[in-house]
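Enquirer: Pasting a structure here, questions to come.
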Amino acid sequence: MRALLAIDIQNAIVETKDFKTELKNIEAIIQDFEKKNDPVIFVKNLADDPTSPFHAEKESSAIHSSIKKYAKDVIEKKTPSAFFQTNLAKKLEALNVEHLFIVGFNAEFCCQFTAIAAYDRGYKVTFIEEATGTVNDAEIYEMEGLDIRDFVGTVLHWSNVIEVLDQDEYRQTYMGSSRNG
């Protein structure tokens, strides 16, 4: 069985810049999984610090309204890995999941850490690059011209252990069609 992990699609991230394309891609993938009755598990970052935008009592920590209606199953985490000190592994085992698909934010942190942790736990992992995003940019990392999402996708792809697809490749490989924009 396969499952989708929708990572950190929270107000504190989504409201920082224009993520319309990423949100559209994420929603399309969620709908694909729901049509096939495959599990969709949301992962939500929470912080203990009451001043953090990820503090549980703040609206900024909530799942973004554009996608919230799909968030029926939510795992809460406090680190970049959706597996570390959460019940995700038990949930996936109970569902007999063998293949995880990763979408969400931030590509270079929670999405990448979770993808690697999933592989390390024996899952087949597919990272859908165009359904991930990040609030960060080349300036933050002091690396002129850096496309963070592409860099993360390339590193994961070159690992030869994590499948990295763009939106059309995902649709062709797993849905049997291309997307008509």
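The values are calculated or read from the model by the stated rules, or taken from the named source; none is laboratory data. Fair warning: this is a prediction, and the values are worked out from it, not measured in the lab. Glycine also receives a Cβ, built like all others from the backbone with ideal geometry; neighbour counts cover every protein chain displayed. Only protein heavy atoms, including side chains, enter the accessible area calculation; ligands, DNA and RNA are left aside. Shrake-Rupley method; radii C 1.70, N 1.55, O 1.52, S 1.80 Å.
Enquirer: Report the per residue volume, in Å³, of the convex hull enclosing the C-alpha atoms of the range 11-138.
Expert: Dividing the Cα hull volume of the range 11-138 by its residues yields 112 Å³.
Enquirer: Over all directions, average the projected area of the Cα convex hull of the range 36-92 and note it in nm².
Expert: 4.6
Enquirer: Taking the highest mean first, how do the peptides 140-148, 80-88 order by number of other beta carbon atoms within 10 angstrom per residue?
Expert: 80-88, 140-148
Enquirer: Moving to a separate point now. Given the rule -39500 (n - 2.57) for each run of at least 4 DSSP H residues, summed and divided by the residues of the chain, what is its mean residue ellipticity at 222 nm, to the nearest 500 deg cm²/dmol?
Expert: Mean residue ellipticity at 222 nm (helix-derived): -8000 deg cm²/dmol.
Enquirer: In addition: Mind checking which lysines have their C-alpha under 29 Å from K58, skipping anything on the same chain fewer than 8 residues away?
Expert: Correct list for K58: K17, K20, K24, K44, K68, K69, K72, K77, K78, K90, K91.
Enquirer: Placing one identical point scatterer on every Cα of the range 90-141 and ignoring solvent, what is log10 I(q)/I(0) from the Debye formula at q = 0.19 Å⁻¹?
Expert: Rounded to two decimals, the profile gives -0.65.
Enquirer: With both bridge residues required to lie in the chain, what share of the DSSP beta bridges run antiparallel, to the nearest 5%?
Expert: 5
Enquirer: What full-extension length gain, to one decimal in nm, is calculated for F151 and K91 as 0.36 nm per residue of separation minus the Cα-Cα distance?
Expert: Extra length available between F151 and K91 comes to 18.5 nm.
Enquirer: Let me check something: with ligands and nucleic acids excluded, how do M1, M175 order by accessible area (1.4 Å probe), largest to smallest?
Expert: Descending accessible area places them as M1, M175.
Enquirer: When ligands, DNA and RNA are left out and all protein chains stay put, how many square angstrom of accessible area per residue does the chain have with a 1.4 Å probe?
Expert: On a per-residue basis, 52 Å².
Enquirer: Please report, as a whole percent, how much of the solvent-accessible surface of the range 1-147 comes from carbon and sulfur atoms (probe radius 1.4 Å).
Expert: Here it works out to 49 percent.
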